[in-house]
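The values are calculated or read from the model by the stated rules, or taken from the named source; none is laboratory data. What you see is a predicted model; the values in this text were computed from it and never measured. Because the Cβ atoms are built from the backbone with ideal geometry, glycine has one as well, and the counts that use them run over all protein chains shown.
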Amino acid sequence: MNNFPKKPAKKRFVYLDHAATTYLDEKVKKAMDPYFSDIFANPSGLYAQGREAKSALDSARDKVAEVLGAQPDTIIFTGGGTESDNLAIFGAARKHANQGKHIITTKIEHHAVLRPCEELEKLGFEITYLPVNKEGKISVESVKKNLRKHTILISIMYGNNEIGTVMPIAEIGREILKWRKQQNTVYPYFHTDACQAAGALDLNVEKLHVDLMTINGSKIYGPKGAGILYKRRGVLIEPLVYGGGQEKKLRSGTENVPGIIGFAKALELVQKNKKIENKRLLKLRNYFWEKIKTKITKVKLNGPELGDESVRLPNNLNISVLDVEGEAMLLYLDEYGIVCSTGSACTSESLDPSHVLIACGLPYEYAHGSLRFTLGKRNTKQDIDYVMKYLPAIVDRLRELSPVHLGEKKHAKYISR
């Protein structure tokens with residue numbers, strides 16, 4: 001830490017990586033506690049305690065369905081967002097391969113969608129990866145242009161995990177409904193990964209016109225290892241896991257009752273409080289950006305402009321700092337108790353630049369110099385002030401050590417895009 005800002009006597013812990021995972025809400029923990037050691041029986045058991053566990057499971061399913069504006073029998077409990085995405089994509093592809101082998105997605109999806117699509121390509125499926133504009137958004141028109149008679153599935157995320165872009169899911173859903181009517185077909189199914197959107201956006205599946213929706217607990221102050229796949233009635237998919245036939249034979253295995261109870265409670269809480277919390281986070285996030293662009297030179301905001309939650313997730317701030325490696329900034333910030341990310345948490349072991357930022361047209365220098373700050377309900381203005389006490393000095397020192405110094409002219413080109 002030589003020549004870097006002196007560490008405070010009492011280091012503050014500032015967590016700004018809520019898009020990666022969140023801490024467990026105390027109310028969620030309280031709801032889960034009885035199901036670890038008191039009501040621990042298998043929900044498939046016919047005896048009293050088994051029936052009690054089954055009743056709690058049914059109640060959780062009812063709560064989730066109510067939040068989504070859906071029916072309880074459309075909720076499949078899973079082990080998290082990745083599993084739900086895989087179940088939606090592989091499940092639909094395998095079930096309907098005889099109807100067609102064309103799938104549409106985007107270039108900036110989470111790897112839980114992109115990797116299954118890549119595997120399906122090896123099996124003879126054709127995947128169309130829709131491009132995005134500089135803000136990471138796809139156009140409804142591009143979806144329409146790529147629809148074919150043998151398109152069986154479209155998977156487009158609701159809110160991007162790296163740059164916070166909100167996709168026009170409802171508009172896309174309406175176009176898909178028109179296509180089906182014109183073609184007299186049930187295809188394509190429409191899936192959205194809503195893991196980042198939960199707690200910030202409306203999840204009503206009827207208003208969004210989606211057939212499949214993924215949500216997980218670890219992004220909404222719920223437990224890790226718990227999630228759901230919403231599957232509209234009449235939509236047919238194949239299971240990935242076979243066994244005892246739990247979850248309507250689509251996800252076999254003894255149910256994670258504490259996790260499911262916690263997930264349902266967490267979803268209920270974040271959706272109930274989202275309007276108030278969105279307003280608070282928007283104000284705090286915008287304050288953060290004003291401080292950054294005032295105190296740090298050659299810095300770029302990535303993703304949409306900082307508007308309301310209909311444009312960009314309210315807690316997301318993704319920036320690129322020229323002439324500095326994102327990993328270096330992250331590690332030095334960590335020395336001061338400040339936690340953030342350089343992109344998707346699931347790719348933190350890779351040194352490759354963000355596929356999202358590259359898809360948005362940014363050069364490698366900007367992708368490598370990115371930081372993602374995602375705020376949460378414990379964050380305050382004091383946290384932001386603490387970060388800004390150290391971040392500008394860390395950037396200055398790292399720039400002094402950097403062998404790369406791109407000029408203002410090149411930077412201005414991308415700032416104006």
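Here is a yes/no grid of residues against (1) among the hydrophobic types (A, V, I, L, M, F, W, C); (2) without any contact (Cβ under 8 Å) to a residue 40 or more places away in the chain; (3) more than 29 Å from Ala9 (Cα to Cα):
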site	(1), (2), (3)
Glu268	no, no, yes
Lys293	no, yes, no
Asn318	no, no, yes
Val324	yes, no, no
Met329	yes, no, no
Leu357	yes, no, yes
Glu365	no, no, yes
Given the structure, is Lys11 of a type in the set (Lys, Arg) and either in contact (Cβ under 8 Å) with a residue 12 or more places away in the chain or surrounded by 14 or more Cβ atoms within 10 Å (Cβ to Cβ) (or both)?
yes
Enumerate the pairs (first residue in segment 187-204 and more than 24 Å from Gly234 (Cβ to Cβ); second residue anywhere and at pLDDT below 95 and surrounded by fewer than 24 Cβ atoms within 10 Å (Cβ to Cβ)) with beta-carbon separation below 6 Å, excluding pairs fewer than 6 apart on the same chain, so at least 6 apart or on different chains.
Ala200/Glu309
As an exercise: evaluate Asp58 against (1) without any contact (Cβ under 8 Å) to a residue 12 or more places away in the chain; (2) over 26 Å from the mean Cα position of the chain (by Cα); (3) loosely packed, with under 14 Cβ neighbours inside 10 Å and give the number of the one condition it does not meet.
(1)
Just checking, does segment 315-331 include any residue being among the small types (Gly, Ala, Ser), farther than 28 Å from Leu24 by Cβ and surrounded by fewer than 22 Cβ atoms within 10 Å (Cβ to Cβ)?
yes
When (1) out of contact with any Ser or Thr (no Cβ under 7 Å at 6 or more places or on another chain); (2) among the β-branched types (Val, Ile, Thr); (3) not assigned by TED's automatic domain parsing to the domain that holds Ala359 are applied to Ile220, the one that fails is (1)
Hits in segment 179-209 (condition: under 26 Å from Gly376 (Cβ atoms) and part of a loop (DSSP other than H, G, I, E, B))
Ala194, Cys195, Gln196, Ala197, Ala198, Gly199, Ala200, Leu201, Asp202, Leu203, Asn204
Options Asn273, Asn286, Asn278: the member that is surrounded by 18 or more Cβ atoms within 10 Å (Cβ to Cβ), polar (S, T, N, Q) and over 22 Å from Tyr35 (Cα atoms):
Asn278
